[in-house]
Each structure stands twice: as structure tokens, then as C-alpha cells.
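What follows is a single structure, written as C-alpha cells, with notes after it.
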Amino acid sequence: MPTALRLNMTGHSDDPTLESGRYRAAIEMAGFAEKHGFAVVSVEEHHVAENGWLPSPLTLAAAIIGRTETIAVNCTALLITLYDPIRLAEDIAVLDLCSGGRFSFVAGIGYRPVEYAALDKDWDARGKQMDHTIETLLKAWSGDTFEYNGQMIRVTPVPVSKPYPPFAIGGMSKPAVRRAARFGLPLYLPMEMPELSDLYRSELARLGMKGIVAHPAEENSMIFIDEDPERAWQELAPYFLREGREYSDWKRAGVPRPGEEPVSGVDGLRSQKRYEILTPSECIARIEEHGPEFTPCLHPLCGGIPVERAWQGLELYVNEVLPAIGGA
């Protein structure tokens, strides 16, 4: 049974020592996850977030890759329009080489104007910049010489993954769907969106391209394991609320996102089921109910959960759940 470990790194502390401990724990948790057969470690990217939401996913991905040997490392999503395209191609090529092809990402355009302002990028030109960045990445990773800013250049090193490091185009709009089809790249939707999936397939057919569409399962919640969920909810809800409230505050009209509904308290948070606290037996039953396609997602450091407490939930999953489902 594949299991995902999510390391958003939400829960910023003004104490650098405490913050350092959380980041070092995240790297250790990635190694622990690999040892016990987890399928993937997932990171994300956001900037100028009050809760410290990971702003430097490539750096953390590199640290995780250096700590591990086999586990996949994925960034969902990497906001590629906020980077210099050539430098991004170089950085990802190095990650690809260091990991032996274990790093993948979803290329995102973002939905928060403040992130563009903070990184001195033009919000109104984001669509054009997205196209330019994708085109540049693909040319750079080919190993061929190409014209760029009036000069002939060849970007090195060349990735080990062929034809290029694995990535998909993320989004939830028709322009994003058409872009993925035009480049012949996989489309990653944040949730099931049949209209956009159908548009993607029709655009692929029209252009004579091939591609795949993917999205998280409907049951995709972030799971914490505890022997006493009622007690754990009282203890951990403030951390879940901290992450959930900031995420919902980023809501923009016309940009639907899963889990963006505003939450005012513990009852609302529990009914939303974005975060769930399950006993080991409940988690086993959930996995058995949904079958081998279900991928439990653990988010142990959510919202600043203390490191020792985070380890308790992660170890309980490994010690009580995995043996029952044939895991490590």
C-alpha cells in the first residue's frame, strides 16, 4: 500500500531554533518514511505566508534527496513563473541527477498576486511567462544549443531523466488545460473536474497529441493517527485551524480550490474532513475499504504540531497500520 508523507512546513515560529528543529525533523521524517516503504514525500510552495508555508521547496527537496536513496520526491506545486527560467532548468537538472530521477513536480502559475509582487514579477503577464518558462525548460533539458535573449546557449548539465525530468501542468482553468494539451504534457487538477478533463482530451485529439490527466482521490484527506481521536482533536485542532484558516483566506473569486471553505472552529473543521484523526484500526478499515489505489497521506508537522507529537503519530502509523496492510 503506497503512503504519502506531506511536508508543507506550515506553522512558522519566530524562534529560529524551534524553526530549525522542525526543518531538520522533516528531513529525518523523510528518511524514516523511506525506510518503512512510503511511496513519496511531497512538498509545496507558497511565499509571504504568515504560517511560514514552505517558500523554498527545491532546497528542502535537495536536502531530502541527500538523506534518502529510493523514495520519490514531488513538489505540488512549483510556481515556475516566479523563477528565472534558465536557473530553474539548471537547478532541476541537478536535482534530477542527484536523485537518479526521483524528483518530479507540478508546474503551477499561482493564484496570489502578493507572491508576484514579493518576487518582483508581473502578475498581468503570468500566462505569457508560464509559456515562456515551459518552452525554455524543455529546450534547456534537451541538451541542444538554442537561441535565448539574442545569444546561442547550451544549458548544462543535462538531466538523467529522458526526455526530461517528469512534470505535469497544474491548474483549474481552461487556459491551463489548453496549455497542457498544447505542450503534450500531463494535466494535474487539484480535484476531479470532469469538464476540464474532457476539454483536455478533446484538445489533445485536435492537436494530435497524447497525454494523461490526474487528480487526487476524492477521499484525499490529511491523516493523523492517534489511539484517542477525541482527545487528540482537542490537542491538535489549533494547529489544523492555523493552516486551514490561512489557506481559506487566500480564496479568490472564480478560482475554486479544494479545502478552501472557511472554518470557524473545531466542529466545522471536522465536518470538512480535510484533516482527519483516525485510530490505527479506523485507518486500516479505510485502506481496506478503498483498496490498493488509495494512498493515505500523512501530514505530521501540520500547522506547527510539536516535533515530538508529530513523531508519535507517524510512528503509530508505521507500527500499527503498516503491518496490518502488508507494509514494511
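List of remarks:
- Cβ separations smaller than 8 Å between residues 6+ apart or across chains give the following pairs from the stretch 52-77 residues that are modelled with pLDDT of 95 or more and in a helix (DSSP H, G or I) to residues that are charged (D, E, K, R) and buried (at least 20 other Cβ atoms within 10 Å of the Cβ): PRO57/GLU44; PRO57/GLU45; ILE65/ARG102.
- Search result, residues across the stretch 270-311 that are surrounded by fewer than 17 Cβ atoms within 10 Å (Cβ to Cβ), of a type in the set (S, T, N, Q) and at pLDDT 95 or above: SER281
- Restricted to the stretch 91-194, the set of strands (runs of 3 or more DSSP E) holding at least 1 residues that are more than 27 Å from VAL41 (Cα to Cα) and either among the β-branched types (Val, Ile, Thr) or under 17 Å from the mean Cα position of the chain (by Cα) (or both) comprises 151-153.
- Test set (1) more than 23 Å from PRO163 (Cβ to Cβ); (2) modelled with pLDDT under 95; (3) out of contact with any Leu (no Cβ under 8 Å at 6 or more places or on another chain) - GLY11 fails condition number: (3)
- The residue of the stretch 193-220 that is surrounded by the most Cβ atoms within 10 Å (Cβ to Cβ), among those that are under 21 Å from SER104 (Cβ atoms) and not aliphatic (A, V, I, L, M), is TYR200.
- Where a residue in the stretch 312-327 is surrounded by 16 or more Cβ atoms within 10 Å (Cβ to Cβ) and its partner, wherever it lies, is acidic (Asp, Glu), with Cβ under 9 Å and at least six apart: GLN312/ASP226; GLY313/ASP226; LEU316/ASP226; LEU316/GLU227; GLU320/GLU227
- THR145 being polar (S, T, N, Q), touching a residue at least 40 places away in the same chain (Cβ under 8 Å), out of contact with any Pro (no Cβ under 6 Å at 6 or more places or on another chain) and more than 22 Å from CYS297 (Cα to Cα): no
The values are calculated or read from the model by the stated rules, or taken from the named source; none is laboratory data. Keep in mind it's a predicted model, so treat the numbers as computed, not measured. Note: ideal-geometry Cβ built from the backbone for every residue, glycine included; neighbour counts use all protein chains shown.
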